[in-house]
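One structure is given below, encoded as structure tokens.
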Amino acid sequence: MANTLKYLEEWRDLASHGNFKLAENLYYEKLFPEVISIFCEKHQSEFSEKGVLVSLLGFSPEPLILTAKAVKPAHHYILTTEIREDILDRIHNYLDNDFELVIIDSPDFQSIYKSLKEILYKVNTTNITLDITGGKKSMVASAAIFGKDYRFRITYVDFEEYIKELRKPLPGSEILNTVYNPDIDQPELFLK
């Protein structure tokens, strides 16, 4: 993949030499806006109607922001088990206040299922995308089961290239995978 991001090499150099704070500042100030633009160019056309986006939040706000920018939801709900101000600040910087934060007491099945059911009752649409990229694995498993049960489109932000020594995706290589599309992925209908 040819990556032409303007600040990529500078960011990579800072990060690989242990200047993590400078690398992080450069990433969010200069590099991430370019990443968002590339990601939206690739994926915005996949979401024609203004629907609802439900995102699971862990310790990395980037995938959540990317998905929200591509989907451009009419309503955006973010589920998390804890509030970290630094992460919320990052989200506010890119999404303003265009979301509702839902704090869950526990990442167990019942709590996730109940929270998602409450969101489902609030919205008046069947056009719901569930982004399972963030959050604890127990949250992801529970949310995915709910999403399948209620015909949500389930997405995951993945990447095409990974920088092993930095343990990070190569900026600009992020892709939005549709893990489950209720209009296509109904294997029980095709079993004979």
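The values are calculated or read from the model by the stated rules, or taken from the named source; none is laboratory data. Being a predicted model, the structure only gives us computed values, none of them experimental. When we count neighbours, we look across all protein chains shown, and the Cβ atoms used for this are built from the backbone with ideal geometry, even at glycine. What goes into the accessible areas is simple: the full protein's heavy atoms, side chains included, and nothing from ligands, DNA or RNA. Shrake-Rupley method; radii C 1.70, N 1.55, O 1.52, S 1.80 Å.
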Rounding to the nearest 20 debye, state how big the charge dipole of the chain is about its Cα centre with +1 on each Lys and Arg Cβ and -1 on each Asp and Glu Cβ. 400
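For region 1-114, give the percent of accessible area contributed by carbon and sulfur heavy atoms, probe 1.4 Å, rounded to a whole number.
Answer for region 1-114 is 48 percent, counting heavy atoms of protein chains only.
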Residue (of Tyr7, Tyr27, Thr178) at the positive-pole extreme of the chain, dipole from beta-carbon charges: Thr178
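Please give me, ordered by residue number, the trypsin sites (Lys or Arg not before Pro) of region 15-114 that lie in loop per DSSP and have at most 16 other Cβ atoms within 10 Å. Don't skip to the end; give the middle numbers.
Values: sites: Lys21, Lys30, Lys42, Lys50, Lys69, Arg84, Arg90, Lys114; in loops: Lys50, Arg84.
Loop-located and lightly packed - Lys50, Arg84.
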Using Cα positions and a limit of under 27 Å, work out the lysines in reach of Lys168, with same-chain residues fewer than 8 apart set aside. Lys6, Lys21, Lys30, Lys42, Lys69, Lys72, Lys136, Lys137
By how many nm would the segment from Leu101 to Asp89 grow when fully extended, if each residue of separation counts as 0.36 nm and the alpha-carbon distance is taken off? 3.1 nm
R0 = 25 Å: FRET efficiency of Ile184 with Leu120, Cβ-based, nearest 0.05? 0.75
Enumerate the whole-percent occupancy of each 10 Å bin, from 0 to the last occupied one, for all C-alpha pair distances of region 21-64. 22, 43, 30, 6
What Kirkwood Rh does region 109-188 have if only Cα atoms enter the pairwise 1/r average? Answer in Å. 14.0
Per the rule of 0.36 nm per residue minus the C-alpha distance, extending Glu34 to Lys6 adds in nm 9.3 nm
With bins 10 Å wide starting at 0, give me the P(r) of region 51-153 over every alpha carbon pair, in whole percents. 16, 55, 28, 1
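Quick check: convex hull over the Cα atoms of the chain, volume per residue in Å³, rounded to an integer?
Per residue, the Cα convex hull of the chain comes to 138 Å³.
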